[in-house]
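The values are calculated or read from the model by the stated rules, or taken from the named source; none is laboratory data. Bear in mind the structure is a predicted one, so any value in this text is a computation, not a measurement. Neighbour counts run over all protein chains shown; Cβ positions are idealised from the backbone, glycine included.
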Protein chains: 2
Amino acid sequence: MKQLIYLLFATMILTACREEAGRKEASARPDYVLVIHGGAGTIKQELMTAEKEQAYRQVLQAALNAGEQILRAGGAAMDAVEAAIRVMEDAPLFNAGKGAVFTNAGTVELDASFMDGNSLNAGAVAGVRTVKNPISAARLVMDSSVHVMLAGSGADEFAREHGLETVENSYFYTEERLKQLEKRKGTEEVSLDHDAEEPVKKKYGTVGAVALDQAGNLAAGTSTGGMTNKRWGRVGDAPIIGAGTYANNQSCAVSCTGHGEYYIRNVVAYDVSARMLYKGESLQQATQYIIHQKLKEQGGSGGLIAVDKGGNFVMPFNTPGMFRGYVTADGRTAIAIYKDSQ
Amino acid sequence: MKQLIYLLFATMILTACREEAGRKEASARPDYVLVIHGGAGTIKQELMTAEKEQAYRQVLQAALNAGEQILRAGGAAMDAVEAAIRVMEDAPLFNAGKGAVFTNAGTVELDASFMDGNSLNAGAVAGVRTVKNPISAARLVMDSSVHVMLAGSGADEFAREHGLETVENSYFYTEERLKQLEKRKGTEEVSLDHDAEEPVKKKYGTVGAVALDQAGNLAAGTSTGGMTNKRWGRVGDAPIIGAGTYANNQSCAVSCTGHGEYYIRNVVAYDVSARMLYKGESLQQATQYIIHQKLKEQGGSGGLIAVDKGGNFVMPFNTPGMFRGYVTADGRTAIAIYKDSQ
């Protein structure tokens with residue numbers, strides 16, 4: 001009898017603790033969160049001019065503003081993610097949209113993917129050449145087709161038929177990117193740089209965004225121009241659901257940037273969610289392990305941004321820098337580039 | 001004190017049980033296992049002729065033989081998987097290689113992927129048109145490039161440059177497939193059938209193989225022609241590592257067949273491994289849940305084949321039938337098509 005009373009007492013304490021934790025979590029959840037990235041890599045302050053840094057910061061700020069405006073007004077995480085990425089795609093600084101790098105054939109081929117954490121629906125395009133904003137094409141595939149992934153000229157045709165803005169491939173030609181290609185051409189080297197002045201080769205010029213909206217929905221998107229001098233129709237992780245992008249209202253939203261092949265083999269974006277749901281890890285634990293241990297041990301460099309259903313967010317990377325920024329409903333906001341400033 | 005003795009006793013019993021289970025598992029592991037599939041769907045005995053069924057069974061048997069020969073001789077799981085899939089690709093019956101279906105544009109575009117569970121390296125091709133055996137192209141990408149996925153004409157070029165056998169796209173034209181396209185053309189319908197005589201639309205004509213070799217290495221591969229009348233360069237799960245194919249010596253090797261979009265959104269192949277490693281589920285538990293609950297609830301039809309590191313294997317599907325077969329070192333072997341015969 002005495003034991004029974006002890007047991008009942010212990011159960012009551014445990015229940016009370018759980019409820020308390022639940023309340024804490026609920027009250028701590030900001031109304032909305034937006035996190036963006038503009039690529040990870042060997043981005044070091046000593047290799048950057050003040051003007052260039054300022055230009056990057058301005059675009060990142062504009063992307064945050066575009067997304068936050070939507071979230072503050074009670075808009076959808078999906079709309080905020082798309083809006084933020086479109087700003088970075090339209091800027092020539094990032095390796096996505098306008099600023100995309102050249103392939104070995106001297107063309108520009110773009111990849112993007114998009115996922116809705118509420119419906120678990122997703123869309124992606126690979127190797128498009130005439131879509132001005134590949135992230136919107138990825139979303140269109142999700143919204144207006146029964147498919148998840150469209151590739152090549154078929155994906156361009158789909159976007160055009162559905163009224164998306166298209167441009168000549170030459171729209172994407174920027175002088176800086178052409179210089180980068182000329183440096184690599186004739187070599188078998190490929191490059192993920194998004195800066196011609198950059199003497200170090202490792203820069204992963206993907207852009208991405210993840211958001212939690214006031215309704216509690218999560219969304220994620222990623223967009224890239226791939227690698228300078230890429231050949232053979234190489235596809236990285238950016239258009240691959242589970243590798244470069246994943247969102248699930250039960251866990252988190254993730255957008256990756258890095259050496260794409262490692263992200264595909266390790267199914268990185270989905271792995272964050274799987275570790276949370278199946279192992280009970282926190283977003284922080286799951287992403288720290290994946291970026292700083294699992295990928296690092298394999299030599300897979302890069303980073304990711306992620307937000308969980310409770311509004312916790314992380315921006316880990318195992319490279320010297322990652323263009324990144326965040327804004328939350330409770331007034332926290334920052335833009336950062338190098339490691340120290342995280 | 002009495003309690004302490006009870007506790008010690010209980011611990012000893014538990015430890016003994018665990019050791020016993022461990023020994024059982026070790027002694028039960030067959031020296032090798034090969035499992036193959038030729039697609040899932042509304043495959044029903046009443047819709048099949050005896051001749052047709054015999055033809056399917058012959059190819060499945062030939063595929064098992066080709067793979068087993070390698071495994072019996074102590075060869076690699078990777079070689080067995082590739083050999084078994086090549087047999088099915090060379091047969092006109094399955095929607096992969098020779099028997100691939102037509103796109104809306106009247107061409108044939110093939111996808112395949114391959115993964116080595118030992119190194120966790122992987123390769124994939126999407127939308128190739130001139131590679132006779134796409135599974136070998138996928139393996140070539142893994143073995144001879146730093147990339148994981150190549151798409152479109154670039155992937156064809158890569159295969160040709162590396163000496164893989166190429167054919168004219170017309171090599172893949174079979175009369176039956178042309179009839180299928182003509183039936184679908186002018187409609188917006190796509191079809192995953194691999195049988196023109198089949199009045200029901202849902203047949204997922206992917207082929208795949210998974211193997212465990214004598215050294216304890218796992219491998220998986222998947223190959224497909226996609227959907228009849230597909231447009232816009234649609235890419236399914238077959239060439240996507242994590243969705244259609246995954247292998248990891250720590251857990252299992254998986255090849256999927258079904259409505260590809262559901263397999264991409266649910267990252268099915270990797271999910272089997274994640275549930276085993278993170279949740280401690282058995283191969284049986286993980287795959288039963290994914291195929292018969294998770295996918296079924298979403299309306300995602302199809303199946304998968306999988307073998308784990310202990311040599312346990314499963315072939316679940318939520319459709320009326322799935323072409324499938326297996327062979328093990330300890331003499332178990334069977335070929336099956338319909339649900340009843342599993």
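Miscellaneous remarks
Residues checked against (1) over 17 Å from the mean Cα position of the chain (by Cα); (2) loosely packed, with under 10 Cβ neighbours inside 10 Å; (3) modelled with pLDDT of 90 or more; (4) in the same structural domain as residue B:256 (by TED's automatic domain parsing):
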site	(1), (2), (3), (4)
B:7	yes, no, no, no
B:11	yes, no, no, no
B:42	yes, no, no, yes
B:49	yes, yes, yes, yes
B:74	yes, no, yes, yes
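- Test result for residue A:233, at positive phi and either assigned by TED's automatic domain parsing to the domain that holds residue A:313 or not hydrophobic (A, V, I, L, M, F, W, C) (or both): yes
- Boolean, residue B:107 is within 19 Å of residue B:244 (Cβ to Cβ), of a type in the set (S, T, N, Q) and modelled with pLDDT under 95: no
- Test result for residue A:62, at pLDDT below 95 and in a helix (DSSP H, G or I): no
- Considering the stretch B:214-255, and only residues there that are in contact (Cβ under 8 Å) with a residue 40 or more places away in the chain and out of contact with any strand residue (DSSP E or B) (no Cβ under 8 Å at 6 or more places or on another chain), the residue that is nearest to the other protein chains (Cβ to nearest Cβ) turns out to be B:250.
- Test for residue A:82: is it among the acidic types (Asp, Glu), buried (at least 17 other Cβ atoms within 10 Å of the Cβ) and not in a loop (DSSP other than H, G, I, E, B): yes
- Considering residues of the stretch B:261-285 that are farther than 20 Å from residue A:268 by Cα and either in contact (Cβ under 8 Å) with a residue 12 or more places away in the chain or within 17 Å of the chain's Cα centre (by Cα) (or both) only, the residue farthest from the other protein chains (Cβ to nearest Cβ): B:284
- The single condition among (1) within 14 Å of chain B (Cβ to nearest Cβ); (2) part of a loop (DSSP other than H, G, I, E, B); (3) not aromatic (Phe, Trp, Tyr) that residue A:310 does not satisfy is (1).
- For residue B:167, the test of being of a type in the set (Val, Ile, Thr) and more than 14 Å from chain A (Cβ to nearest Cβ) is passed.
- Identity of the residue in the stretch A:322-331, over 18 Å from residue A:254 (Cα atoms) and touching a residue at least 24 places away in the same chain (Cβ under 8 Å), that ends up surrounded by the most Cβ atoms within 10 Å (Cβ to Cβ): A:329
- Verdict on residue A:205 being crowded, with 24+ Cβ neighbours inside 10 Å, closer than 21 Å to residue A:132 by Cα, at pLDDT 85 or above and not aliphatic (A, V, I, L, M): no
- Pick from the stretch B:74-102, criterion closer than 15 Å to residue B:208 by Cβ and β-branched (Val, Ile, Thr), ranking: nearest to the other protein chains (Cβ to nearest Cβ): B:81
- The set of residues in the stretch B:95-125 being surrounded by fewer than 24 Cβ atoms within 10 Å (Cβ to Cβ) and at positive phi consists of B:106, B:120.
- In the stretch B:31-45, the residues that are within 22 Å of residue B:328 (Cβ to Cβ) form Cβ pairs under 7 Å with partners that are acidic (Asp, Glu) and assigned to a loop (DSSP other than H, G, I, E, B), at six or more places apart or across chains, as follows: B:32/B:213.
- Looking across B:291, B:305, one residue alone is of a type in the set (A, V, I, L, M), part of a helix (DSSP H, G or I), out of contact with any helix residue (DSSP H, G or I) (no Cβ under 7 Å at 6 or more places or on another chain) and in the same structural domain as residue B:72 (by TED's automatic domain parsing). It is B:291.
- Considering residues of the stretch A:144-163 that are surrounded by fewer than 19 Cβ atoms within 10 Å (Cβ to Cβ) and within 14 Å of another protein chain (Cβ to nearest Cβ) only, the residue farthest from residue A:86 (Cα to Cα): A:146
- Among the residues of the stretch B:160-190, those that are modelled with pLDDT of 95 or more and farther than 17 Å from residue B:98 by Cα comprise B:160, B:161, B:162, B:163.
- Qualifying residues in the stretch B:108-159 (those that are polar (S, T, N, Q) and outside any helix (DSSP H, G or I)) - the one nearest to residue B:96 (Cα to Cα): B:133
- Looking only at the stretch A:126-135, residues that are surrounded by 22 or more Cβ atoms within 10 Å (Cβ to Cβ) and either away from chain B (no Cβ under 11 Å) or farther than 16 Å from residue A:163 by Cα (or both) come to 6 in all.
- Taking the criterion of being farther than 15 Å from residue B:209 by Cα and part of a loop (DSSP other than H, G, I, E, B), the residues of the stretch B:313-332 that qualify are B:318, B:319, B:320, B:329, B:330, B:331, B:332.
- Looking only at the stretch B:221-247, residues that are among the aliphatic types (A, V, I, L, M) and touching a Ser or Thr at 6+ places or on another chain (Cβ under 7 Å) come to 4 in all.
- For the stretch B:103-117, taking the residues that are away from chain A (no Cβ under 11 Å) and under 18 Å from the mean Cα position of the chain (by Cα), the one that is farthest from residue A:106 (Cα to Cα) is identified as B:117.
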